[in-house]
Amino acid sequence: KSTLGCRRWVVAPLLLIALLAVACSRAGIVDQAQQAWDNGEFANAVDLYETFLRENSHHQEVPVIRFRVATICSRDLHQYERAIEHLIRLIEDHPGFPEIKDARLRLADCYAAVGKRDEAISEYETLLPLVTEEKERRRLRLNVAELYYEKNDLRQSVVEYQKVVAGGGYDELSERAN
């Protein structure tokens, strides 16, 4: 019995040290990724963040990290397909993510960037009911109108352009729509 009690006193601290090491390595890789991003080492930042995502798929930071990766891939690396993968996963796995509107907007923009017009239109349309500011709604409508124009669906593009101009007064959005 005394040997068993002694083992518990040895094993418990070792287990605690192991758990702390895992927690520190998680924080370490995220800190390294952030540092790489801050230094403009975008590809390295994405690789480090993706390593974190693979190794910590149930960590509470996953949605935030996934959104960061999508941001770097789309904005900094112009790797839109890679960003699309992360954004789809984020939206499907974490529908309550506080920045879900921004994620959907980035997804729509990425689809548009790679020429997936139908998918982009669908995402913009999904986003419209979530947006309350009228100018932002008009900006989304303008994006939709331009995508229909690119698809050579002139009838629908005119309908969408009219929605942009209606009731908005004269501004840069109505000028682009005319």
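Listed values, structure above:
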{"quantity": "Reciprocal mean inverse distance between Cα atoms of the stretch 138-178 - Kirkwood radius, Å", "calculated": "9.7"}
{"quantity": "Inter-probe distance in nm under a simple model that places probes 7 Å from Cα toward Cβ, at residue 55 and residue 152", "calculated": "5.1"}
{"quantity": "Residue-level accessible surface for residue 84, protein heavy atoms, 1.4 Å, Å²", "calculated": "10"}
{"quantity": "Residue order for 126, 132 - accessible surface, 1.4 angstrom probe, largest first", "calculated": "132, 126"}
{"quantity": "Extended-chain gain in nm, criterion 0.36 nm per residue less alpha-carbon gap, residue 114 and residue 64", "calculated": "15.6 nm"}
{"quantity": "Semi-axis lengths, Å, the stretch 75-144, gyration tensor of Cα atoms, sqrt of 5 times eigenvalues", "calculated": "18, 16, 10"}
{"quantity": "Accessible-area value, residue 100, 1.4 Å probe, nucleic acids and ligands omitted, Å²", "calculated": "30"}
{"quantity": "Charge tally in the Cβ shell below 13 Å around residue 133, where Lys, Arg are +1 and Asp, Glu are -1, residue 133 excluded", "calculated": "+4"}
{"quantity": "Volume per residue that the Cα convex hull of the stretch 97-178 spans, once the total is divided by residue count, Å³", "calculated": "87"}
{"quantity": "Rg over Rh, two decimals, the stretch 53-110 (C-alpha only, Kirkwood Rh)", "calculated": "0.94"}
{"quantity": "Cα gyration tensor of the stretch 21-161 - equivalent ellipsoid semi-axes, whole Å, descending", "calculated": "33, 15, 11"}
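The values are calculated or read from the model by the stated rules, or taken from the named source; none is laboratory data. Nothing here was measured: the structure is a model prediction, and the numbers come from that model. With ideal geometry, Cβ positions are generated from the backbone for all residues, glycine too; neighbour counts draw on all protein chains shown. The accessibility values were calculated without ligands, DNA or RNA, using every heavy atom of the protein model including side chains. Shrake-Rupley method; radii C 1.70, N 1.55, O 1.52, S 1.80 Å.
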